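Engineer: Okay, here's the structure, questions in a sec.
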Amino acid sequence: MVRRTSRARERPGPDVLERMHEERRSGRAQPLPTRSPAPERDPLPDDAATLPPLPVAVRELIEAGCAAWGLTLDGPMLAALDAHARLLLAWTGSINLTSVRDPERLAVAHILDSLSAVPLVRRWVGSAPRLADIGSGGGYPGLPLAVVLPASRAVLIESVGKKARFLDVAAAAVTRALGGDGATPALEVERRRAEALAGPGGRRASFDLVTVRAVGSLARIAELGLPLLRAGGLLVAWKREGGDGALHAEVDAARATIARLGGAPPRVERIRLPRGIAGLEGHRLVLVQAGPAGTAASRGSRLLG
């Protein structure tokens, strides 16, 4: 075993101290070294058109996945998804927005993962919902859902300043790509925690749809999301099934909290990609309807794809 010993720092003797004081009084003391200023970073891009294009395979993956779910994306929608993804890849080297750096993997792990909820939301909530995305981070799933549903309004909730700045830039780029006309979703970045939005002066019971991806347990998600929903609105949580029963246990553990908040029993939906596209194995969507159980909550689960 190695034992560490400590030694007191040796103090300079009286003659050394006197010489130092004399140098200070006479102005002969050597100035302390100064650090060189850090080199200025190039500003992060705010226009996707200035960035390298994504590989053609990215669009092909998006279109193939959406076609399997019966979704048709027009040119402006694809341009908006493209602009968002290009900005994300450009910013994530400076701000930790995602660990995914490969464009084709991003197409599946982020874009298709987000859009997998579109058929369910359209069936349960209807058209042009008011959307809130909690812990929006890099803008997934909030921005793709706002584009493709489309939403009438989408509020991206992000309390971390750097990520919120990215969302401002990405939302502006998405709006430009969609054309910015009256049919374009109204996009807004809310720099507050979800708890604050559900309190006095917030946005309690203001949304038709609340989405949460990679933010805590289902019980915690229910506590954050259900207060923001109008009666009959839908909470969608992105989860993974690892085959070990953990998700089943998490859903069961959340039932009491959901019931206390007035939510209907949670339902777990399985999403499938077309043959030949991998990357969403174990992907699940957990749906909870706010308020008294209505017709949507009484519908059975449906396997997509």
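Engineer: Among the residues of the range 91-107, is any outside any helix (DSSP H, G or I), free of Cβ contacts under 8 Å to residues at least 40 places away in the same chain, in contact with a helix residue (DSSP H, G or I) (Cβ under 6 Å, 6 or more places away or on another chain) and under 18 Å from Gly279 (Cα atoms)?
Structural biologist: Checked against the condition, which is being outside any helix (DSSP H, G or I), free of Cβ contacts under 8 Å to residues at least 40 places away in the same chain, in contact with a helix residue (DSSP H, G or I) (Cβ under 6 Å, 6 or more places away or on another chain) and under 18 Å from Gly279 (Cα atoms), the range 91-107 yields at least one hit.
Engineer: Could you say whether any residue in the range 241-251 is at positive phi, touching a Lys or Arg at 6+ places or on another chain (Cβ under 9 Å) and of a type in the set (A, V, I, L, M, F, W, C)?
Structural biologist: No, the range 241-251 contains no residue that is at positive phi, touching a Lys or Arg at 6+ places or on another chain (Cβ under 9 Å) and of a type in the set (A, V, I, L, M, F, W, C).
Engineer: A further question follows. Looking only at the range 220-249, count how many residues are without any contact (Cβ under 8 Å) to a residue 60 or more places away in the chain, buried (at least 17 other Cβ atoms within 10 Å of the Cβ) and in contact with a helix residue (DSSP H, G or I) (Cβ under 6 Å, 6 or more places away or on another chain).
Structural biologist: Total meeting the criteria: 3.
Engineer: Does Gly180 satisfy the condition of being at positive phi and surrounded by 22 or more Cβ atoms within 10 Å (Cβ to Cβ)?
Structural biologist: no
Engineer: Could you check the range 198-219 and list, in sequence order, the residues that are touching a residue at least 60 places away in the same chain (Cβ under 8 Å) and closer than 17 Å to Leu285 by Cβ?
Structural biologist: Within the range 198-219, Asp208, Leu209, Val210, Thr211, Val212, Arg213, Ala214, Val215, Leu218 meet the criteria.
Engineer: Looking at the range 227-255, which of its residues are under 18 Å from the mean Cα position of the chain (by Cα) and part of a helix (DSSP H, G or I)?
Structural biologist: Leu228
Engineer: Among the residues of the range 234-258, which ones are in contact with a Pro (Cβ under 8 Å, 6 or more places away or on another chain) and among the small types (Gly, Ala, Ser)?
Structural biologist: Ala254, the sole residue that qualifies.
Engineer: Now for a different question. Right, Ala128: within 16 Å of Ser152 (Cα to Cα), hydrophobic (A, V, I, L, M, F, W, C) and surrounded by fewer than 18 Cβ atoms within 10 Å (Cβ to Cβ) or not?
Structural biologist: In short, yes.
Engineer: So, one more: Any residue at all in the range 152-175 that's of a type in the set (D, E, K, R), at pLDDT below 95 and either buried (at least 18 other Cβ atoms within 10 Å of the Cβ) or not in a strand (DSSP E or B) (or both)?
Structural biologist: no
Engineer: Further question: Can you pull out the residues in the range 188-222 that are modelled with pLDDT of 95 or more, under 28 Å from Arg240 (Cβ atoms) and in contact with a Leu (Cβ under 9 Å, 6 or more places away or on another chain)?
Structural biologist: The answer is Val189, Glu190, Phe207, Asp208, Leu209, Val210, Thr211, Val212, Leu218, Ile221, Ala222.
Engineer: When the residues of the range 178-188 are filtered to those that are hydrophobic (A, V, I, L, M, F, W, C) and touching a residue at least 40 places away in the same chain (Cβ under 8 Å), which remaining residue is farthest from Lys163 (Cα to Cα)?
Structural biologist: The selected residue is Leu178.
Engineer: So Ala68 passes all but one of these: (1) modelled with pLDDT of 65 or more; (2) at positive phi. Which condition number does it fail?
Structural biologist: (2)
Engineer: With (1) within 27 Å of Asp168 (Cα to Cα); (2) modelled with pLDDT under 95; (3) part of a helix (DSSP H, G or I) as the list, and Ala79 as the residue in question, which single condition is left unmet?
Structural biologist: Unmet condition: (2).
Engineer: Let me ask something else. Quickly run through the range 135-175 and pick out the residues that are touching a helix residue (DSSP H, G or I) at 6+ places or on another chain (Cβ under 7 Å) and β-branched (Val, Ile, Thr).
Structural biologist: Val147, Val148, Ile157, Val169, Val174 - these are the residues of the range 135-175 that are touching a helix residue (DSSP H, G or I) at 6+ places or on another chain (Cβ under 7 Å) and β-branched (Val, Ile, Thr).
The values are calculated or read from the model by the stated rules, or taken from the named source; none is laboratory data. Everything quoted here is computed from the prediction, not taken from an experiment. Ideal geometry is used to build each Cβ from the backbone, glycine not excepted, and the neighbour counts take in all protein chains shown.
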